[in-house]
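Taking it in order: structure first as structure tokens, then the write-up.
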Amino acid sequence: MIPAKFTYHKATSVKEAVALAESLGEEAKFMSGGHSLLPMMKLRFATPEHIIDISKIDGLSYIKEEGDLLKIGGLTTQTEMEHSKLIQDKYPIFSDAIKLTADPSVRNAGTIGGNIAHGDAANDQPALMLAMRATVIAEGPDGRKTIPIDDFFHGFYMTALEPTDVLVEIHVPKAEKHSGGAYHKVERKVGDYATAGVAVYLELDDDGVCREIGIGLTNVSAVPMRVERAEDLLRGKTITDDLIKQAGD
Amino acid sequence: MKAQLEKSFEVPQGTELVWEHLIDPNKVMDCVPGVSIDEQVGENHYKGKVGMKFGPIGAKYDADIHYKEVDADNHKIILTGNGVDVKGNGNAEMTMTMNINKKEDGGSKLDAVMDVTINGKIAQFGSRLITTVSNQLFKQFVSNFSKKLAAAEAAA
Amino acid sequence: MKHEITLKINGETVTAEVDSRLLLVHFIREHMELTGTHIGCDTSNCGACTILLDGKSIKSCTYLAVRADGSEITTIEGVAEEGSNHPIQQAFHDQHGLHCGFCTPGMIMRSLDLLKNNPDPTDEEIRWGISGNLCRCTGYNNIVKAVKQAAKEMQQEKQPAV
Amino acid sequence: MFNCKTSAEVGGMGHSVKRKEDARFLHGKGNYVDDVKLPGMLHMVMVRSPYAYAKIKNINKEKALAIDGVLAVITGEDLAQYNLHWMPTLLSDTQMVLPTDTVMHQAQEVCAVIATDRYVAVDGAEAVEVDYEPMDPIVDPFKALDEGAPLLRPDKENQKDNHIYHWERGDREKTDKVIADADVVVTERIHLPRIHVASIETCGCVASYDKDTEKLLVYLTTQAPHAIRTVVALVAGHVGLSEEKIRIISPDIGGGFGGKVPVYPAYVVAIAATFLIGKPVKWIEDRSENLVNGFARDYHMDCTLAADKNGKIQAFKVKTLADHGYTDSSANPSKFPTGMFSICTGSYDYEHAFAELDAVYTNKAPGGVAYRCSFRVTEAVHAIERMVDKLAHKLGKDPAMLRLQNFIKKDQFPYSSPLGWSYDSGDYEATLKKAMEMIGYDDYKKEQAEKRKEGKLMGIGISTFTEVVGAGPSKDFDILGIAMFDSAEIRVHPTGKALARFGTKSQGQGHETTYAQILAEELGIPYSDIEIEEGDTDTAPYGLGTYASRSTPTAGAAAAVAARKLRDKGKKIAAYLLEVSEEDLEWEVGKYFVKGAPEKSKTIQEVVFAAYTNIPPGMEPGFEATHYYDPPNLTFPNGAYICVVEVEKETGAIDVKRFVAIDDCGNIINPMIVEGQVHGGLTQGIAPAMYEAIEYDDEGNVLNGTLMDYLVPTAVESPHWETGHTITPSPHHPLGAKGVAESPTVGAPPAIANAIIDALTPLGIEHLDIPITPAKVWEAIQAHS
């Protein structure tokens, strides 16, 4: 399996990447880790004429808390997420999901931004982002824009990103006390795409009442899906097994 | 690889206007993203192209579109579309039966049954995508078709 | 379109002209004639093509050669001096962790990355750690044992993980 | 446990010596086919059909040929000029090399593109324009014989329908009568779906024809290089490729498992291409080409097992429909179209059995290659072992007790089975009891009873199988007429070191070590002093190759017999050197000594040196021997496997808690290697039991043509295997050995299936076909609750 011919371009800054995308037009695609795009190119389902490599851009790989936010650089690899003490301690939902995403060598190359920007409803990160009410920061010809995750996924492999937009950062509300989440994935074997997956993130108040909840689903429709009805059912209540069962139904 | 989709949708326009649009291949195909009609090759029989794009994925088909049944009395059409991948990677066939029914409020209800058959590379490697893609395409069709009807109504 | 790339492979600096679409695995196998890195599946499932890129295991069948510009690559041929064994190679031999040998180089490269990040893994951690590398012959029992043996010896020897 | 006659240094049988072949693999110096690079080498890529069944109206090469670097596009029409467009299969059917008018399955080879570079060849293949007229395929084998079904093979004379052959063994009437009169009868339709060996190395070749010397050299991923040489000579003799001019080299092979026995069409095209162009041509299959060709299994078996009310088995009957795809390319001995399927009566003692099979054509890839099992034994074992469990459940008996009650007893060997095999040896009761003890069977039974009270799903599954391997005696076994012997040739050098060559071909089995151990055992020369070579038809003696666990039973025996010939010669030399008569000498490993005067002795090394330097008068110099071993019978390894699983009711998730495998493969050459082979076979047993199957849709599209969708188990899915042995030597094999590497692939699937189904029994579920996936279990649970 060999990709069709294309021309490779390396971007060393986001500005350069955006400018390249603008000048090369629609037949150009950004590549970060390459583990979503290159397999499609090898199967010749995807035949872009230009590849703009954004993986060499400095300064887009970080995980940090700032103000009310957890900020994750778009080029942070899944492995960097997996090994981050901050993530392990305060955001274990990511560890849940990442352990089940592909395999360690793929995670060494695959980036968190790429996993989301690809717009594949079978990828794991989108459901987490929905559950955690993330915000996507993209940079395009007109500068930075902020896209709430609920406006991000448009359709099958289609997102709010313009072909000239680079996903530079992801914002997740900072973990509050009494908050936590989990990701459960049904897969045919380890490393498989999810047959289905569910990410749940919730915050409780001091009395144990659910203050906020997010539930995102992997691979049950063309776009990663939020389960609003279940969220509404659980929000503002003390969560019990019965209530959970009701939400599941 | 076969998929069957049953879909219904409603539009506020009357059945005659809907029917008029439905039997005009140019108007129908204009509402399906990526489809163009190049020439008429026989009665109710057209040739065209289908170019679909989903993010990085693209597929191009040479298409053969045929109104197999146009039943004006019952407001029913059977439309077939056969596409052959231009790179020789397989084909796709679709048979759509569509009925228009008058609603009490003067609008129309459209009931569609689509049988989609895919052969070749997409069936082999992308079978998990077919129902999803078909659903999405239909959704886009409904949206475009509704807009077109509204525009035609406004113009009239 | 050709691109000039310069990279270090098994300690040797190499400059080459490569096509945009050349896959790293073909660069390694065909341009560098290091045929110990294998191709098994083409879709990044089997791990036969695993190498270390800047110390991290990656699947070289799903990586463009041009992107390796400026990197440091280690393949199976660079794990130990000729005629000698790295503890991981010795362990695969001692524990009968290979049969046909086709998955072995990738398995070893992956294990090195695993042991770098987790010098004392449990059986379970080893199994998850090599889950991107398929072996059709051994049933994995002895590969797990080999990685354990290597972990023990590397800790004792404080052998750098390449 | 292992009685070693030799010291660890000599390393004869029973020693777990480390493998001699490891070093090159550990250092990336293995030499696999894709590593072969010849001067001026071209690359070939196949164009394959997107349709399961279509007429080819036209092939337009122009756009492909216009690509810089594309040298040729070879079509069926091109080959037809040389009458090379069809080839025989191993079972007297015919297979297209390249089609001239019709494609018969998805991904069938349509034409070949030859280019200077691998990448350009792929571009060329995409640029070839093929005009197809798709037709409705036959995908369901049960519809292949329907009236009005299209005739798939009109090219075959006298072929009036899609039926290939009917086969039967046993007494139908008597078996029917016993079943009709039996107290208890259980029936089930059992399907073993298509699976693929998916060795991590795919198939490929480098073919190189020298127009000056008229010699053809082919590096080939083959388990049977000599047989391939003969096949090439038979297929292409008429264009001038005669057998002495053909050299097949099977270099290091990255796993075979049966998938590298057949002659695939692309091999022939590559040979034709080098023959026509005069430059070396390399073809390496990509993974999806690999997965959509050359399947194993695909038997639909209607099984009936009858017993009296006490559980004594009385009769077994099976009626099978075999889906062979568009041609019968089964790699079976020619008198055995269904392989050793008639081993299906199992490890149990009863008198009446009847097995029949009908094979049909469908629009699928040619099937019938193996998947790490002797010819069709997996199908047979799955049928009987599932049915015995079903009988136990019906009778309310413990499946272990039912088996112990019905086993062929130790003193009944050699045992004549109802369908005509002569089982050589075994102690089935001891093997099962050892497995039960090792896993703690009784405790698990108690735990299961407790768990069931709590509504939890826990299952214990057993399989006690009898294998039949080591084909085979020449009176019955041949491939294309060539008797299924195998060979060993030993050359002992003057300094006492040796080189031995064999007609088999290791693909990971460790022949370079185990054959050396056999010779060490027989000659007393340390195994480390013995080099083993296989796979080059110009140097190795003729043999039928390595598959169906035949290497130890045939070539291993040949090694022993050839070594014994040398020992006889050595005795004459020793007698001459010691100035005694041969009758006065005795052999102990490594030396000849005078009876009653052990200080008077000659080592094997001294004797060998004399064979070159101080030859007894009249004796032929040198110390070499060759033997072609024609086995008197097959060998019948057996085993008892027990599996414990838990099933999650809510999701259908299956957790294999324990798996114990006790194998009896007779005497053991290298316990480490035997254990390693068993581990590997077990993982290739859980694979079809729970994960792998090649699936088709109604249009004949293959739905899992990559390793993304064809689910080869990883180290996470593969349980920690627990293994052990009983040893019942084969009475007829010179070493008492039997062969082992396939037993676990045969024995594990029914043990796992039995365990999962046992877990689901409280819900009323009586059978599930493999692969038993969580989704399948979940659906079954939904349907039964």
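Hey, any idea what % of region C:1-63's accessible area is carbon plus sulfur with a 1.4 Å probe?
42
Determine Rg/Rh for chain C; Rg is computed over alpha-carbon atoms and Rh is the Kirkwood hydrodynamic estimate from the same atoms.
Across chain C, the Cα-based Rg/Rh ratio is 0.97.
Roughly how large is the D-B contact in terms of buried accessible area, totalled over both chains, probe 1.4 Å, nearest 100 Å²?
Buried area between the two chains comes out at roughly 1200 Å².
If you take every residue apart from residue D:10 with its C-beta less than 12 Å away from the C-beta of residue D:10, what net charge results, scoring Lys and Arg +1 and Asp and Glu -1?
So the surrounding residues net to -3.
When the dipole is taken about the Cα centre of the protein assembly as shown, and only Lys, Arg (+1) and Asp, Glu (-1) are charged at their Cβ, what size is it in debye, to the nearest 20?
1660
Could you give the Stokes-Einstein D for region B:92-156 in µm² per second, using the C-alpha Kirkwood radius, 4 °C, 1.567 mPa s?
Estimated via Stokes-Einstein, D reaches 92 µm²/s.
Using 1/(1 + (r/R0)^6) with R0 = 45 angstrom and r between the beta carbons of residue D:8 and residue D:536, what's the FRET efficiency to the nearest 0.05?
Working from the Cβ atoms, E equals 0.90.
Could you state the principal axis extents of the C-alpha atoms in region B:4-66, from the largest down, to the nearest angstrom?
38, 31, 21
Under a 5 Å amide H to amide H cut-off, with H placed in plane at 1.01 Å, what residues pair with residue A:211 once short-range neighbours are removed?
Amide H neighbours of residue A:211, under 5 Å, 5+ apart: A:203, A:204, A:205, A:236.
How would you order A:87-95, D:700-708 from highest to lowest mean count of nearby Cβ atoms within 10 Å?
Listed from highest to lowest mean packing, they are D:700-708, A:87-95.
Quick one: what are the phi-derived ³J(HN,Hα) couplings along region D:542-547, Karplus 6.51/-1.76/1.60 with θ = phi - 60°, whole Hz, x for glycine and proline?
5, x, 8, x, 10, 5
To the nearest hundred square angstrom, how large is the accessible surface buried between D and C, total for both chains, probe 1.4 angstrom?
Buried area (both sides, nearest 100 Å²): 4400 Å².
Report, to two decimal places, the Cα Rg of region D:181-281 normalised by 2.2 N^0.38 Å (N = number of residues).
Taking N as the residue count of region D:181-281, the ratio is 1.53.
Looking at region D:6-93, which GluC sites (Glu not before Pro) are in a loop (DSSP not H, G, I, E or B) and have at most 13 other Cβ atoms within 10 Å?
D:9
Need one word for region A:15-55: rounded, prolate or oblate. Basis is the Cα gyration tensor (sqrt eigenvalues a ≥ b ≥ c); a/c below 1.5 gives rounded, then a/b vs b/c decides.
Since a/c reaches 1.5 but b/c is at least a/b, the shape of region A:15-55 is classed as oblate.
Residue by residue through C:23-31, how many Cβ atoms from other chains fall within 10 Å of the Cβ on average?
Average per residue, whole number: 2.
Using protein chains only (no ligands, no nucleic acids) and a 1.4 Å probe, work out which residues of region A:152-197 have their accessible area cut by at least 30 Å² relative to the chain alone.
The answer is A:156, A:157, A:158, A:188, A:189, A:190, A:193.
Averaging sequence separations of C-alpha pairs under 8 Å and six or more residues apart, then dividing by the length of chain A, give the relative contact order as a whole percent.
Once divided by the residue count of chain A, the mean separation gives 18 percent.
Would you mind computing the Rg to Rh ratio of region D:118-233 from its alpha-carbon coordinates, Kirkwood style for Rh?
1.12
If you roll a 1.4 Å probe over the heavy atoms of the protein chains, what accessible area per residue do you get for chain C, in Å²?
In whole numbers, chain C has 32 Å² accessible per residue.
Determine, for each peptide in D:321-330, D:596-605, the mean count of other beta carbons within 10 angstrom over its residues, then list the peptides with the highest first.
D:321-330, D:596-605
What accessible area, in Å² to the nearest ten, does a 1.4 Å probe give for residue D:219?
40
Once phi is turned into ³J(HN,Hα) by the Karplus curve 6.51 cos²θ - 1.76 cosθ + 1.60 with θ = phi - 60°, what whole-Hz value does each residue of region A:174-183 show in order, with x for glycine and proline?
Whole-Hz 3J(HN,Hα) from phi for region A:174-183: 4, 4, 8, 5, 6, 10, x, x, 8, 10.
Just the number please: accessible area per residue for region A:1-54, 1.4 Å probe, all protein chains included, in Å².
34
May I ask for the distance between the Cα centers of region C:1-51 and region D:404-449, given as a whole number of Å?
About 53 Å separates the Cα centre of region C:1-51 from the one of region D:404-449.
Nearest 0.05, what FRET efficiency do residue D:446 and residue A:243 give at R0 = 41 Å with Cβ-Cβ as r?
E(calc), rounded to 0.05, equals 0.60.
Before rounding to the nearest 500, sum -39500 (n - 2.57) across all DSSP H runs of length at least 4 in chain D and divide by the residue total; then give [θ] at 222 nm in deg cm²/dmol.
Estimated from H runs of four or more residues: -8000 deg cm²/dmol.
For region C:73-162, which GluC sites (Glu not before Pro) are both in a DSSP coil and crowded by at most 10 other Cβ atoms within 10 Å?
Here the sparse-neighbourhood loop sites are C:81, C:82.
Of all the C-alpha pairs in region D:160-217, what % are more than 12 Å from each other?
Roughly 85 percent, once rounded to a whole number.
Please compute the Cα-Cα pair-distance distribution of chain B with 5 Å bins starting at 0, giving whole percents from short to long.
2, 9, 18, 23, 20, 15, 8, 4, 2, 0
Please give the per residue accessible area of region D:224-299, computed with a probe of 1.4 Å over protein heavy atoms only, in Å².
21
From the phi angles alone, apply the Karplus equation (6.51, -1.76, 1.60; θ = phi - 60°) to region D:764-770 and give each ³J(HN,Hα) in whole Hz, x where the residue is Gly or Pro.
So the Karplus estimates, Gly and Pro as x, are x, 7, 9, 7, 9, 7, 7 Hz.
What distance in nm separates the two pseudo spin-label positions at residue D:135 and residue D:588, each 7 Å out from Cα along the beta-carbon direction?
Roughly 7.5 nm, to one decimal.
At a 1.4 Å probe, what is the % contribution of carbon and sulfur to the accessible area of region A:170-236?
Answer for region A:170-236: carbon and sulfur cover 55 percent of the accessible area.
Would you compute, from DSSP H runs of 4+ residues alone, the mean residue ellipticity of chain C at 222 nm, taking -39500 (n - 2.57) per run and dividing by the full residue count, rounded to the nearest 500?
Estimated from H runs of four or more residues: -8500 deg cm²/dmol.
Just for the Cα atoms in region D:421-471, what are the lengths along the principal axes, largest first, rounded to whole Å?
Sorted from largest, the Cα extents of region D:421-471 read 50, 18, 13 Å.
Tell me, how many Å apart are the Cα centres for region D:54-115 and for region D:563-621?
Distance between centres, Cα-based: 61 Å.
Run through every distinct alpha carbon pair of the protein assembly as shown and return the Kirkwood hydrodynamic radius in angstroms, one decimal place.
33.5
Amide H neighbours of residue D:165 under 5 Å, at least 5 residues apart or on other chains, H built in the peptide plane: list them.
For residue D:165, whose amide H was placed from the backbone, the distant partners under 5 Å are D:359.
Of the options D:307, D:354, D:258, report the single residue whose Cα projects farthest towards the positive end of the charge dipole of region D:258-373 (beta-carbon charges: Lys, Arg +1; Asp, Glu -1).
D:258
Pick out, from A:7, A:126, A:179, the residue whose Cα sits farthest towards the positive end of the charge dipole of chain A, with +1 on the Cβ of Lys and Arg and -1 on the Cβ of Asp and Glu.
A:7
Of C:120, D:78, D:117, D:298, which has the most accessible area and how do the rest follow, probe 1.4 Å?
Reading off the accessible areas and sorting them downward yields C:120, D:117, D:78, D:298.
Threshold 40 Å², probe 1.4 Å: give the residues of region B:93-128, in number order, that are less accessible with all protein chains present than with their chain alone.
At a threshold of 40 Å² (probe 1.4 Å), the residues of region B:93-128 that become less exposed are B:119, B:121, B:124, B:125, B:128.
Where Lys and Arg each count +1 and Asp and Glu each count -1, what net charge lies around residue D:632 among other residues with Cβ under 15 Å from its Cβ?
Taking every other residue near residue D:632 into account, the sum is -1.
Taking the Cα centre as origin and putting +1 on Lys and Arg beta-carbons and -1 on Asp and Glu beta-carbons, what dipole magnitude results for region D:67-162, to the nearest 20 debye?
That gives a dipole near 380 debye.
Near residue D:411, within a Cβ-to-Cβ distance under 13 Å, what is the net charge of the other residues, with Lys and Arg +1 and Asp and Glu -1?
Counting the neighbours of residue D:411, the net charge comes to -1.
Note down the Stokes-Einstein diffusion coefficient of region D:301-368 in µm²/s, whole number, using a Kirkwood radius over alpha carbon pairs, 37 °C, and 0.692 mPa s.
242
Over region B:29-70, with every protein chain in place, what whole percent of the accessible area is carbon and sulfur at 1.4 Å, could you tell me?
47
Below 8 Å between Cα atoms, with a sequence gap of 6+, how large is the relative contact order for region D:108-258 in percent?
Relative contact order, region D:108-258: 15 percent.
Could you list the square roots of 5 times each eigenvalue of the Cα gyration tensor of region A:44-129, that is, the equivalent ellipsoid semi-axes, sorted largest first and rounded to whole Å?
One finds semi-axes of 23, 16, 12 Å for region A:44-129.
Averaged over its residues, how many other protein chain Cβ atoms are within 10 Å of peptide A:37-49's Cβ atoms?
Across the residues of A:37-49, the mean count of other-chain Cβ atoms within 10 Å is 6.
Could you tell me which of D:463, D:777, D:684 has its Cα farthest along the dipole of the protein assembly as shown towards the positive end, charges placed at Cβ (Lys, Arg +1; Asp, Glu -1), taken about the Cα centre?
Positive-most Cα among the choices belongs to D:463.
Excluding ligands, DNA and RNA, what is the accessible area buried between chains A and C, summed over both sides, using a 1.4 Å probe, to the nearest 100 Å²?
2600
Hey, can you list the residues from region D:3-28 whose accessible area shrinks by 30 Å² or more with all protein chains present, relative to the chain by itself (probe 1.4 Å, no ligands or nucleic acids)?
Buried by the other chains: D:18, D:19, D:22, D:25, D:26, D:27, D:28.
What are the semi-axes of the equivalent ellipsoid of chain D, taken as the square roots of 5 times the eigenvalues of the Cα gyration tensor, listed largest first and rounded to whole Å?
That gives 41, 39, 23 Å for the three semi-axes.
Are there trypsin sites (Lys or Arg not before Pro) in region D:467-573 that DSSP puts in a loop and that have at most 13 other Cβ atoms within 10 Å, and which ones?
Hits after loop and neighbour filter: D:475.
The values are calculated or read from the model by the stated rules, or taken from the named source; none is laboratory data. Fair warning: this is a prediction, and the values are worked out from it, not measured in the lab. Note: ideal-geometry Cβ built from the backbone for every residue, glycine included; neighbour counts use all protein chains shown. Protein only, heavy atoms only, side chains kept; ligands, DNA and RNA dropped before computing areas. Shrake-Rupley method; radii C 1.70, N 1.55, O 1.52, S 1.80 Å.
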